[in-house]
Structures are given as structure tokens and as C-alpha cells.
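Colleague: Following this message is one structure expressed as C-alpha cells.
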Amino acid sequence: MNLSDSQTPSMPRRVSAMEAVLTHLRGAIERGEYAVGDKLPSEAELCRRLEVSRPVLREALRALATMGLTVSRTGKGTFVVSNGAVEDPTFGDYTASHLLEVRHHVEIPVAGYAALRRTPEDLDQLSHLLDRMERETDTTAWVAMDSLFHLAVAQAAQNPVFRRIVEEIRDALAKQSAFLNDVGGRREQSNREHRAIVEALVDGSERDAVDAMTHHLERVETTLESIVRPHRT
């Protein structure tokens, strides 16, 4: 099989090997090649057929599970549980819609407060963290810093309740971030959006900070919708 077949000329960015594997497996499930209740071939067999490494395959399998198409059973394998991705995937203890609802009501005003209350130490921490994120090439390390970034913005708002709320959803945010980065190629775009947020905080502009965080969360939602929306042909 040539995985490049899953790419189209209109794609605005290069499709990763993981995305190509995901597209292939998702399509096979939606077309009924793997029916609900079926067990997928073993990892070794899928790697051989698709000519990819085991880490790449496992990332794709994790994405399938997040999208509600499969479930992995220890010692037994991966089984198809749905032929259409759920519209509201779960990240950790929370669904995507619950996360977005809370983030809109918390992180947007938090950004505004942070612009008014941030200290020089807060700005140094955020700028240093953003510089590291823009240089980072390892997905796992970047995802960890992504959740730290949002926690640092909450800290800059100088209200411990805000920080506690973001801390509570931090694990779910990291899982969502990893999913959007792996499947939606969000990392570079997120870096630009984070940079706009930091610039607004540096300027002390409440309005710009609110606008920048609003734009960031809207892009998260749009990317998520584009991934989970059924795309049968």
C-alpha cells in the first residue's frame, strides 16, 4: 500500500505518516472493511502492511480510540466499537465540549486579567516558555509545555482560583493538545497564537489579550471539528 494515496493536492500542509495511517484505518472502518466487533490485525501485521514503524502505528491507534472508533484490550488487541467517530471525544476525565465550554468562560477572562496584573516575573516565565516551545521538536515535550503555558497565564491573573481550575483540567488539556498536534498539525499555529497572547500581556492590553485567547480557542475548536466530522466519500 502507498500511504501517500491518502494525501490530496489541496492539503495546505504535508500529511505525516501517522495521519496517513489514521486516514487509512479510519476509512477502512467507516467503509465496513473492519466491522463493529472485529479485531484489527496485530500491530506487527499492520506495520508490515502499511510499512510504518510501531510508534507511528501506535499514535494512529490512540487517535482512533480517542475518536471513539476502537478500544484496546490488554492482551487481546484492538477492537472496532463504532463505524463513525463520536462527535465529542473524551480527553482524560472530560469531553471536548466540556473542556471548550469551561475554557471559554475561564481562560478568556483570565487572559484579560493577566494583561492587567502580570508581573515582570510572569512575563519572563511566559516568554522563556514560549521560546522553548518554538524551538522544541519533540511532540511529548511540546505538549507538556503547552499545558504549562496555559497554567502560567492563569498564574499571571493573580487569582489562585483561576489557577486551580486550569490545574484541574491540565491533564485533559495535554491529551487534547497531543491529539490536535498529532492529527491536526496544530503545533506551529499554536505557537503563533501563543505568541500573540504573550505580546498582548507584554503590552498590558486587556482587549488584545482577550481577543488573542478567543482566537486561540476558536482555532482549537475548528481543528477538532474538522478531525471528528465524518468524511465518508
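The values are calculated or read from the model by the stated rules, or taken from the named source; none is laboratory data. Nothing here was measured: the structure is a model prediction, and the numbers come from that model. Here the Cβ is made from the backbone with ideal geometry for all residues, glycine too, and neighbour counts use every protein chain on show. The protein model used for the area step is the full one, side chains on, heavy atoms only, and it has no ligands, DNA or RNA in it. Shrake-Rupley method; radii C 1.70, N 1.55, O 1.52, S 1.80 Å.
Colleague: With a cut-off of at most 12 other beta carbons within 10 Å, and DSSP calling the residue loop, which trypsin sites (Lys or Arg not before Pro) in the range 170-233 qualify? Please list them.
Modeller: Qualifying residues, ordered by number: R232.
Colleague: Here is a further query. Just tell me the longest site-free run in the chain, where the sites are GluC sites (Glu not before Pro) in a DSSP loop having at most 15 other beta-carbon atoms within 10 Å.
Modeller: 88-233
Colleague: D38's amide H: which non-local residues (gap 5+, or another chain) put their own amide H closer than 5 Å, with H modeled 1.01 Å from N in plane and none for Pro or chain starts?
Modeller: V80
Colleague: Taking 0.36 nm per intervening residue step and subtracting the Cα-Cα distance, what contour gain separates H128 from E168 on full extension?
Modeller: Full extension of this stretch gives 12.0 nm more.
Colleague: While we're looking at this one, here's another question. At 7 Å along the Cα-to-beta-carbon direction for both S205 and D93, put a label point, then send me their distance in nm to one decimal.
Modeller: Spacing of the two 7 Å Cα→Cβ label points: 3.8 nm.
Colleague: Let me ask you something else. Calculate the translational D of the chain in whole µm² s⁻¹ from Stokes-Einstein, where the hydrodynamic radius comes from the Kirkwood formula applied to all Cα pairs, the temperature is 37 °C and the viscosity 0.692 mPa s.
Modeller: Translational D for this selection: 174 µm²/s.
Colleague: Using 0.36 nm per residue, how much length does the chain from V86 to A65 gain when fully extended, once their Cα-Cα distance is taken away?
Modeller: The V86-A65 span can extend by a further 6.5 nm.
Colleague: Another question about this same structure. Can you pull the semi-axes for the range 139-233, root of five times each eigenvalue of the Cα gyration tensor, sorted largest first, whole Å?
Modeller: 24, 16, 12
Colleague: Continuing with the same structure: Note the full-extension length gain between V102 and K39 as 0.36 nm times their separation in residues minus their Cα-Cα distance, in nm to one decimal.
Modeller: So the chain would gain 19.0 nm between V102 and K39.
Colleague: Oh, and also: For the range 65-183, what % of the accessible area comes from carbon and sulfur atoms, probe 1.4 Å?
Modeller: Carbon and sulfur atoms account for 50 percent of the accessible area of the range 65-183.
Colleague: Using each residue's phi in the range 199-204, evaluate 6.51 cos²θ - 1.76 cosθ + 1.60 at θ = phi - 60° and report the 3J(HN,Hα) Karplus result to the nearest Hz, with x for Gly and Pro.
Modeller: 4, 5, 5, 4, 6, x
Colleague: Let me ask something else. Where in the range 125-210 are there chymotrypsin sites (Phe, Trp or Tyr not before Pro) that are in a DSSP coil and have at most 12 other Cβ atoms within 10 angstrom of their Cβ? Walk me through the intermediate numbers first.
Modeller: Values: sites: W142, F149, F162, F179; in loops: none.
Taking the range 125-210 and a limit of 12 other Cβ atoms within 10 Å, no loop chymotrypsin sites (Phe, Trp or Tyr not before Pro) are found.
Colleague: How large is the accessible surface per residue of the chain, computed with a 1.4 Å probe and reported in Å² as a whole number?
Modeller: Working: 12040 Å² over 233 residues.
It amounts to 52 Å² per residue over the chain.
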